[in-house]
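> Supplied in structure tokens, the structure appears directly below.
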Amino acid sequence: MSGIVFFATETLEETVGFYESTMGASRWLDQPDCTILQYDNMLFGFCDRESAETDGTITFVYGSRADVDVMYEKLSDRATGEPVENERYQIYQFFATDPEGRTIECQSFDHETAPI
């Protein structure tokens, strides 16, 4: 089984468009007032509501530090800092925000992980 994390949004099409064009997600399912996106093995959705939910972090995992650097170049105007090595978690990462202020993390693991 899989799961989906949903967020309320005030700007459904703009928010979905950002995740499609900038983050590389694709539409998995369109519903009357919700759109579910897929990025690799992650499903996440946005539903048109009167106020946006912006708590939490949506983390995109990449295969290498070079891939993280490419995303930093795309998101540098939204990034809160440059990519850094995080020794505690053995990752390379940076944070940015989406159009409504949600936190996005782009990271790669500096160690082997089990396949999903």
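> Please note which strands (runs of 3 or more DSSP E) are completely contained in the range 16-110 and include at least 2 residues that are within 18 Å of S2 (Cα to Cα) and in the same structural domain as G3 (by TED's automatic domain parsing).
26-30, 34-39, 42-48
> With the condition kept exactly as written, say whether any residue in the range 97-110 is among the aliphatic types (A, V, I, L, M) and without any contact (Cβ under 8 Å) to a residue 60 or more places away in the chain.
Scanning the range 97-110 turns up no residue that is among the aliphatic types (A, V, I, L, M) and without any contact (Cβ under 8 Å) to a residue 60 or more places away in the chain.
> Okay, moving on. Can you name every residue in the range 1-23 that is more than 18 Å from T54 (Cβ to Cβ) and either of a type in the set (K, R) or exposed (fewer than 14 other Cβ atoms within 10 Å of the Cβ) (or both)?
The answer is M1, S2, G3, S21.
> Take the residues of the range 70-104 that are crowded, with 17+ Cβ neighbours inside 10 Å and among the charged types (D, E, K, R): which is farthest from I116 (Cα to Cα)?
Of everything passing the filter in the range 70-104, E100 is farthest from I116 (Cα to Cα).
The values are calculated or read from the model by the stated rules, or taken from the named source; none is laboratory data. None of these values were measured; they are calculated from a predicted model. Cβ sites come from the backbone with ideal geometry, for glycine too, and all protein chains shown count toward neighbours.
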